[in-house]
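The structure appears right after this line, and notes come after that.
The values are calculated or read from the model by the stated rules, or taken from the named source; none is laboratory data. From a predicted model like this one, the values you see are computed outputs, not experimental measurements. Using ideal geometry, Cβ is built from the backbone for each residue, glycine included, and neighbour counts are taken over all protein chains shown.
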Amino acid sequence: MAFDIEMIKAVYSVMGERVEAARKILNRPLTLTEKILYSHLEQGSTTEEFIRSKSYVDFKPDRVAMQDATAQMALLQFMQAGKKKVAVPSTAHADHLIQAKIGADKDLQESLNKNNEVFNFLSSVCNKYGIGFWKPGSGIIHQVVLENYAFPGGMMIGTDSHTVNAGGLGMIAVGVGGADAVDVMAGMPWELKFPKLIGVKLTGRLNGWTSAKDVILKVAGILTVKGGTGAVVEYFGEGAKNLSCTGKGTICNMGAEIGATTSTFGYDDSMRRYLKATGREDVVALADEVAEHLTGDDEVYADPKKYFDQVIEINLDELTPHLNGPFTPDLATPVSEMKEKAAANDWPTDIEWALIGSCTNSSYEDLTRAASIVEDAFNKGVKPVSKLGINPGSEQVRYTAERDGLLDTFKKFPSVTIFTNACGPCIGQWDRAGAEKKEKNSIVHSFNRNFSKRADGNPNTHAFVTSPEMVAAVAISGKLDFNPITDTLTNEKGEQVKLAEPTGIELPTKGFAYEDNGFQAPAEDGSSIVIKVAPDSNRLQLLEPFAPWNGENITGAKLLIKAFGKCTTDHISMAGPWLRFRGHLDNISDNCLIGAENAFGGATNEVTNQLTGEKGPVPATARAYKAAGIPSVVVGDHNYGEGSSREHAAMEPRHLGVVAVIVKSFARIHETNLKKQGMLGLTFANESDYDKIQEADTFNFIDLKDFAPDKQLTLELVHADGSKEQIKLNHTYNDQQIGWFREGSALNMIKKANA
Ligand code: F3S
């Protein structure tokens, strides 16, 4: 089977001594989060206490997972590391590139026609380097990870923000950028600021129409989209034990919607049941041996305020079903209040489409609960109103649901579409008929995100997030403000009937099954596999190593752009239509900094080419300097590079000949990404020197030869009138990072070490 039992044994074999070492150093009982973090230090057992929100710590994750959109650049980079195989068990999943339109078979074929080049590339790279590949149609990354790889007490990173889903099986699982995945696959440590800890104590038991989804919808309402930033959310209490494992996964999944680093639950019977049902009795046997380390200490949960930075308490007995949205997942509305709120806010209440599935809510239990509502409505003679779409999380779930008649139940809807086991509408890969008219409308779904345009590209689609059973109820009634607890529906005989409460089956009584789960195991020895990328491809391009520094001071560099105000990774490397070039550095570089506001004149994507004096787009101007052999420099404001961790935002300027990015302050991950790509990421020692930068400036780094840790650099500005002035620049490079700069990139350095 696909999971790596030897790796799990190795993790558990050192867990006890490492947890003990941490307990001694901290001199107090430990949370589960601390146990997992302290047992995954790169250095082994700890010799110091790390300070929450302050200490940057090197960790050694157990696994890496990548989805197809982000895996392309990650693997292109990994190919440069000079490694024969990945250092930790890793998988790639083809799930984001499949568009939902007509239904599973046709949509999958259409996607294969369109993206085959990318899928073949991923398949062959995975095969060569020992990476498991989950083929198109096999399922959504996080559901597949939960079914096959997640294990209690483990640590994983994944190139997708909902990697956190694996917290449902007691992991610390964190979403990262491709560059971090490359580091870990190449055997380097992974750095993370030691997180704050938020404890959520759950009491009672879910009942009636309330589901695990409502726990996180409620938490999102309390903490808002930023409330979890820099924190791990740890759930505990009797209520936590009463939840199913996949329910826990749903809660952790949407931890991404409150900005949390990740969320997790302690090892319990629900996890044992799920591991066994998914064929992992051996993991249960191993986990049981170290069970005391796979949950927080009793003293912590008895007095949580003493050990967590913030504690929230939710009584599941009293929790009611919620609908969150539109346009933000933290706008929580109890179903009972939707009538007034929808009227007050003029939200459309007619529901044309209702969607069940995604990585968030497509477990067997979810489908059975939703199906029970459909079955009940059918038995009572109620005809459903909305169209229903379902995207199962994995082939295993889809096959089992089909075998057990659940899909037939959903087909009782007059209009139902079973989409491919893939992200589909959840990532905007939904060719919804009529969306181009941009009409104001509402949809309801059991996904996690509901930002504007996220599902169908229509900014006027009001998307509401709720549990699968509520999606079913709303879809049957056709009304957003339908409250199944109090409202009735008119059946075919004209009678008023009430829907019965949902009933679910946690795990299939006949067990999970599949004919072909879509997994491609890598070759034992992939050394003879040749990765082919067509030279004229516009989707993929093999990477050339960036040139090493020649050891000389960099002189004569031209200002490419002085960015004003907010400049996020979206301003530096836009998403949307550019997504298709994520595996082609040269093509995607045509979006480099096109969203940044030029401090001179305020336009976007318009800068002065100092060689011609003419105005032109940023990428074309950078290419002109590069063609002339002239290095260029980007100047920026505060928190430059905030947003996502995408490495394209550093690779593109590097590819276009930018040697330095000088700003008032950096978002930390972007600063690190610049360093990794062999660039100079520098800050003004005196912030007001930003104002000294003029549009036609030339830059001389006059003491770069003495580049050393904790030593300022001196920059000579040569203005257009020939006048010169010097300013000081700060940097945070350590010896190793200066090595990255010297070698041209961190990857070049790894490659050299492996040569
Ligand atoms: Fe895919 Fe949506 Fe999950 S994009 S990975 S189904 S959040």
Note to self: Step by step: first the residues of the stretch 639-685, then only those that are modelled with pLDDT under 95, charged (D, E, K, R) and part of a loop (DSSP other than H, G, I, E, B), then the one that is surrounded by the most Cβ atoms within 10 Å (Cβ to Cβ). Which residue is that?
What the structure shows: GLU647
Next item on the list: Would you confirm whether any residue within the stretch 263-283 is in the same structural domain as SER55 (by TED's automatic domain parsing), within 16 Å of the ligand (Cβ to nearest atom), over 22 Å from TYR514 (Cα atoms) and modelled with pLDDT of 95 or more?
Entry: yes
Next item on the list: Output the residues belonging to the stretch 33-71 that are in a helix (DSSP H, G or I), within 16 Å of the ligand (Cβ to nearest atom) and of a type outside the set (Asp, Glu).
Entry: ALA69, THR70, ALA71
Check: Which numbered condition trips up LEU559, out of (1) closer than 28 Å to GLY678 by Cβ; (2) in a loop (DSSP other than H, G, I, E, B)?
Finding: (2)
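Evaluate the following for GLY178: is it on the phi > 0 side of the Ramachandran plot, of a type in the set (Gly, Ala, Ser) and either in contact with a strand residue (DSSP E or B) (Cβ under 8 Å, 6 or more places away or on another chain) or outside the structural domain of SER336 (by TED's automatic domain parsing) (or both)? Give the steps one after another, and end with the answer.
Working: on the phi > 0 side of the Ramachandran plot: no; of a type in the set (Gly, Ala, Ser): yes; either in contact with a strand residue (DSSP E or B) (Cβ under 8 Å, 6 or more places away or on another chain) or outside the structural domain of SER336 (by TED's automatic domain parsing) (or both): yes.
Taking the combined requirement at face value, the residue does not satisfy it.
Can you tell me which of SER394, SER386 is crowded, with 24+ Cβ neighbours inside 10 Å, farther than 23 Å from GLY478 by Cα and either touching a residue at least 60 places away in the same chain (Cβ under 8 Å) or within 13 Å of the ligand (Cβ to nearest atom) (or both)?
SER394
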Check: Limited to the stretch 697-755, what total is found for residues that are touching a strand residue (DSSP E or B) at 6+ places or on another chain (Cβ under 7 Å) and among the β-branched types (Val, Ile, Thr)?
Finding: 5
Note to self: Quick check on my filter: what residues within the stretch 420-448 are part of a loop (DSSP other than H, G, I, E, B) and within 15 Å of the ligand (Cβ to nearest atom)?
What the structure shows: THR420, ASN421, ALA422, CYS423, GLY428, GLN429, SER446, PHE447, ASN448
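If we scan the stretch 136-147, do we find a residue that is away from the ligand (no atom under 15 Å from the Cβ) and either crowded, with 24+ Cβ neighbours inside 10 Å or not small (Gly, Ala, Ser) (or both)?
no
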Checklist line | Number of the exception - ASP214 against (1) more than 30 Å from LEU507 (Cβ to Cβ); (2) in contact with a His (Cβ under 8 Å, 6 or more places away or on another chain) | finding: (1)
Next item on the list: Please work out which residue is modelled with the highest pLDDT, limiting yourself to the stretch 155-188 and to residues that are within 15 Å of the ligand (Cβ to nearest atom) and in contact with a His (Cβ under 6 Å, 6 or more places away or on another chain).
Entry: ASN165
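The rows are residues; the columns are (1) at pLDDT below 95; (2) among the β-branched types (Val, Ile, Thr); (3) more than 25 Å from the chain's Cα centre (by Cα); (4) in a strand (DSSP E or B).
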{"position": "ILE529", "(1), (2), (3), (4)": "no, yes, yes, no"}
{"position": "ALA547", "(1), (2), (3), (4)": "no, no, yes, no"}
{"position": "GLY551", "(1), (2), (3), (4)": "no, no, yes, no"}
{"position": "HIS571", "(1), (2), (3), (4)": "yes, no, no, no"}
{"position": "TRP578", "(1), (2), (3), (4)": "yes, no, no, no"}
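Residues checked against (1) assigned to a loop (DSSP other than H, G, I, E, B); (2) in the same structural domain as ARG646 (by TED's automatic domain parsing); (3) in contact with a helix residue (DSSP H, G or I) (Cβ under 9 Å, 6 or more places away or on another chain); (4) farther than 12 Å from PRO653 by Cβ:
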{"site": "SER589", "(1), (2), (3), (4)": "no, yes, yes, no"}
{"site": "GLY595", "(1), (2), (3), (4)": "yes, yes, yes, yes"}
{"site": "GLY601", "(1), (2), (3), (4)": "yes, yes, no, yes"}
{"site": "THR612", "(1), (2), (3), (4)": "yes, yes, yes, yes"}
{"site": "ALA620", "(1), (2), (3), (4)": "no, yes, yes, yes"}
{"site": "ARG623", "(1), (2), (3), (4)": "no, yes, yes, no"}
{"site": "LYS626", "(1), (2), (3), (4)": "no, yes, yes, no"}
{"site": "ILE630", "(1), (2), (3), (4)": "yes, yes, yes, yes"}
Margin query: Please go through the stretch 483-501 and give me each residue that is over 16 Å from LYS412 (Cβ atoms) and crowded, with 24+ Cβ neighbours inside 10 Å, ordered by number.
Written below: PRO484
Next item on the list: Could you tell me whether any residue of the stretch 500-511 is away from the ligand (no atom under 16 Å from the Cβ) and over 18 Å from SER363 (Cα atoms)?
Entry: yes
Notebook entry, point to check: If LEU407 passes every condition in (1) assigned by TED's automatic domain parsing to the domain that holds ALA343; (2) closer than 19 Å to ASP376 by Cβ but one, which one does it miss?
Noted result: (1)
Next item on the list: Determine whether the stretch 526-536 contains at least one residue that is in contact (Cβ under 8 Å) with a residue 40 or more places away in the chain, surrounded by 19 or more Cβ atoms within 10 Å (Cβ to Cβ) and not aliphatic (A, V, I, L, M).
Entry: no
